[in-house]
Every structure is written in structure tokens, then in C-alpha cells.
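What follows is a single structure, written as C-alpha cells, with notes after it.
The values are calculated or read from the model by the stated rules, or taken from the named source; none is laboratory data. The model shown is predicted, which means the values in this text are computed figures rather than measured ones. Quick reminder, even Gly has a Cβ in these numbers, built from the backbone with ideal geometry, and neighbours come from all protein chains shown. The protein model used for the area step is the full one, side chains on, heavy atoms only, and it has no ligands, DNA or RNA in it. Shrake-Rupley method; radii C 1.70, N 1.55, O 1.52, S 1.80 Å.
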Amino acid sequence: MLQVECYSCGHISTDFTDYYCSKCEGIIGVHYEKMDKHEQWIDERQPGIWRYARLLPKIEEPYRGSIGEGRTALVRSRSIAEQLGLKHLYFKMESANPTGSYKDRIAAIGVSWAAAHHRQGCIGTTSGNAGAAVAAYAARLGMPYRLLVLEQMAEAKLAQLLIYGADVTKIQGFGTQAAIGDRVFQWIQEQAEEHALEMMVTAFRFSPYAMEGVKTISFEICEQLPEAPHRVYAPAGGGGLFCGIWKGFKELHEFGFTSHLPLTVAAQPEGCSNIVRAYSAGSDQPLPGDATTRISGLQVPNPPDGELALRIMRSGEGSGVSVSDEDILHAQWLLGRQEGIFCEPAGATALAGLIRARENGQVKDDEVIVCCVSGSGFKDYIRMIEMAEVGDVPLLSIDQL
Ligand SMILES: *Cc1c(COP(=O)(O)O)cnc(C)c1O
Ligand SMILES: [Zn+2]
């Protein structure tokens, strides 16, 4: 039987209309009854991540949306592993999801959940990838999707939303003034209640059911490797990706499907390392601080899942590392040049974190390590043109060759 459990006070409930703890307002997560080690938990006939439906929120088949999310490759590193002196380094290719990021796993569950609960539509805000994912699944399931976005949202990301038919409004000062951000959030919450809309924010704090999609990354990794890996690096903005990956490994370990629990490591840019800094300082709440990083997708000054991420880190099952924007852009370049993997800067942040941890002597040569490549290179068009130095391509006449 499914339950929801509060990560703060441990309160257990079976009320699936709750989005946070009814006792203490803490973050909740779906809790599954312990499975038998030999019980069949994968249904190969189901599309996309629905093959794991047994360990996902209960949604009847007619409401399940899929456009082929998940089942992404786990690619073994050749050059980068050798340079770092690592024997078993892998990249989880989340950039290969239908809209170009792992957010599709969240949207697949979240929009289907909304449909199954007869919501009139979805509503939310986005810096880009989450919106594209929700917009795609909303289009698929015939749901309206209302979105408020930052005034200076990157055009390429805005274009993708519009192509899927989302109803988008830019808000003046949103993204630069904290007070405007608070009001946007409040407005979205009010609208959601008034018009029976599903609020889609990719954090356990707001969308604990949709966020169950994230853990399918860990399920796939455990299927793709002979055993669970030792370490998994994930980029962290709001912290939801990190928490979701941890949750997946935790469940499989508790059910006895894996012999050990990997260490999940959050990698943040130094210019927005509110979770990692808090971890180093021994704080149980993310530390405040503006986002000065230029890495799109990781500029989250008030990480909604920061508290849960810190709880996981303090338990010894997670850890954190911060890296400069230059290190991230270098890792992005390395992935393209040396592995043939083209990702957006946020998608290279896990590798940058691993490189830093390796330099600090925290990683042993023979550990099995996975870096989550969270988003495609096509997502950040401006960075793509800049990095490629497109203007330097020589132009010759055929006779000059
Ligand atoms: C959303 C996103 C992240 C960060 O995820 P959080 O849950 O906010 O920590 C990292 N990389 C990409 C490509 C993303 O779209
Ligand atoms: Zn509680």
C-alpha cells in the first residue's frame, strides 16, 4: 500500500491530496510497501518510465502520458576516465530525453497525475527545462498549461515552450527582484486553488508525486550496471534532482535489490552553492545568498528542496561539492571533445564536481562512478554559439583548397 511520509517529523498519512505534511508542513515523499526481493518490479510492456509503475504513484493506464522518456543510455567514459585515473566512470545520458532534459521524467508523472485527478490544467513557473517538459506532456494529454516566466528568459527556451503550445506570460522584474518572485509564487498558488489547476514545480516541496519520476534514473542505473554504483554525481539547483536520485537508490537498497547504497553527491556552482555551503557549515537549512552563477538552470537562490538535501547529506548518504563556472564550462567542453557528448553547462556540472572531488583526493581509483548529464547542449543556444567559435570557421573558394 502507498503512503506519504513526512521527512521532517515522520508523520505517515494515506491522504494523497496532501502536498506537504498536515502536521508540521514538512516535505513529504511517497512511501512504498516493502517488496520481496524476488517480486517482479518491472513491466516491460509499459512505455517509457511506466515500466516502473509498481514503484510509482498510482495512476491508471488511460491517464498515463509517455513520449519515450527515460531508458537513457549509460555511456562508459573513455578518455576522461583515463585522464582522471578512474577505472569505472559512466555518464547517464539524460540529455537524450524527449524534450532534452531529465525533467521529462517528472512531467510524465506530474501531468498524468493531474489528468487522473481531473485537474483543469497545469500552472507553474520555469527557468526553461521544467516548463518545456511539462508543456510537452500537457500537449500530449490535451491539458492547458499556464506559465509565468522570467523577464529575460533565453529565447531558445521560450521558443520550445511556445512550440508545445504553453500559455506563457513574462513578468517584469521576475528573476531579478526577490519580492516579485514571492508574489509570482503566491499568485500561482492562488490560481491553482481557485481553478483546480495542478501546480507544477519540480521540487518535492511542491510536487512530491511528480517528483517520483526522478528516481527512475537510479532504477535504470542499477539495471544497467551489475551492481549499484559507489558514487553518483548530480547537479543541484533547487535540490530536487539530487533528492530524487537518492530516493531511488534508497528504495532499491531497502528492498534488498542492491547490496549497498551509493553516495549521492550534489554539485553546485560556487555562485549559487546555498546547499553545499550549508553542508560545509553544518547548517540544516540552505544558506541565503544571491545567485551570481551564469549556469542556466542552477540559479536558485532559495532552493526549495535544500532542507531535504541537507538532511540526506547529514545522514551520510549524500555529500556536496562546489565548482566555479569556468570549471563547469571546461567540463562541458571536455565532454564534447573527448567523449562526443554535447550537453548544456548544467549538464556538465556533475562531471566538474567529480573532477574537483578527485583533485581533493575524495575519490578512489576503482570506485564505480556515474555522472548525471542532465540536459542537452541544444538547450543553451547562446553558450553553444559562443563555445563553438562559429565566427572562426574559415571560408575559402574551391580553388584555394
Ligand atoms: C532542473 C535542472 C537541474 C537542477 O535540478 P534541481 O532539481 O533544481 O536541483 C540540473 N540540470 C538540468 C539540465 C536541469 O534542467
Ligand atoms: Zn511532518
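Give a residue-ordered list of calculated ³J(HN,Hα) values for region 278-285 (Karplus: 6.51 cos²θ - 1.76 cosθ + 1.60, θ = phi - 60°; whole Hz; x for Gly, Pro).
Calculated HN-Hα couplings, in order: 5, 4, 5, 7, x, 8, 9, 10 Hz.
Classify region 180-312 as rounded, prolate or oblate, taking a ≥ b ≥ c as the square roots of the eigenvalues of its Cα gyration tensor: rounded when a/c is under 1.5, otherwise prolate if a/b is larger than b/c and oblate if not.
It comes out oblate by the Cα gyration axes.
If you roll a 1.4 Å probe over the chain with all protein chains in place, what percent of the accessible area is carbon or sulfur?
Looking at the chain in its full context, I get 50 percent from C and S.
Please give the net charge around VAL149, taking every other residue with its beta carbon less than 9 angstrom from that of VAL149, where Lys and Arg add +1 and Asp and Glu add -1.
+1
Counting Lys +1, Arg +1, Asp -1, Glu -1, what net charge surrounds LEU308 among other residues with beta carbon under 15 Å of its beta carbon?
Residues near LEU308 contribute -1 overall.
DSSP loop (so not H, G, I, E, B), at most 13 other Cβ within 10 Å: list which GluC sites (Glu not before Pro) in region 17-80 pass both filters.
Sparse-neighbourhood loop GluC sites (Glu not before Pro): GLU25, GLU33, GLU39, GLU44, GLU60.
Around VAL30, under 13 Å between beta carbons, what's the net of Lys plus Arg minus Asp minus Glu among the other residues?
Result for the local shell: -1.
What dipole magnitude, in Debye to the nearest 20, does the chain give about its Cα centre under +1 on Lys/Arg Cβ and -1 on Asp/Glu Cβ?
Dipole size: approximately 340 debye.
Put +1 on the Cβ of every Lys and Arg and -1 on every Asp and Glu Cβ in the chain; which of TYR233, GLY121, ALA135 then has its Cα farthest towards the positive end of the dipole?
Most positive-ward Cα: TYR233.
Which value, in debye to the nearest 20, gives the size of the charge dipole of region 313-401 about its Cα centre, when Lys and Arg are +1 and Asp and Glu are -1 at the Cβ?
For this selection, approximately 300 debye.
From the residues THR292, GLY68, GLY320, which one has its Cα farthest along the dipole of the chain in the positive direction, the dipole being from +1 and -1 charges on Cβ of Lys/Arg and Asp/Glu about the Cα centre?
Projecting each Cα onto the dipole axis, the largest value belongs to GLY68.
Report the gain in length on full extension from LEU287 to ARG337: 0.36 nm times residue separation, minus Cα-Cα distance, nm rounded to one decimal.
Separation in residues times 0.36 nm, less the Cα-Cα distance, equals 14.4 nm.
Just check region 1-105 against the gyration tensor rule for me: Cα atoms, a ≥ b ≥ c as the square roots of the eigenvalues, rounded for a/c under 1.5, and otherwise prolate or oblate depending on whether a/b exceeds b/c.
Verdict is prolate for region 1-105.
Extending each Cα 7 Å along its Cβ direction at GLU386 and HIS195, get the distance between those two points in nm, one decimal.
3.5 nm
Along Cα→Cβ, 7 Å out, is where each label goes; now give me the distance between the ones at ASP36 and ARG54 in nm to one decimal.
Distance between label points: 1.1 nm.
What FRET efficiency, computed as 1/(1 + (r/R0)^6) with R0 = 30 Å and r the Cβ-Cβ distance, is obtained for GLU367 and ARG45, rounded to the nearest 0.05?
Efficiency, from the Cβ-Cβ distance: 0.25.
Select from region 322-391 those GluC sites (Glu not before Pro) which occupy a DSSP coil region and have at most 10 other Cβ atoms within 10 Å, ordered by residue number.
Filter output for region 322-391: GLU389.
Given a 1.4 angstrom probe, what's the average accessible area per residue across region 264-401, in square angstrom?
On a per-residue basis, region 264-401 sits at 47 Å².
For the chain, rounded, prolate or oblate, judged on the Cα gyration tensor with a ≥ b ≥ c (square roots of eigenvalues), a/c < 1.5 rounded, else prolate if a/b > b/c?
Rounded is the answer for the chain, as its axis ratio a/c remains below 1.5.
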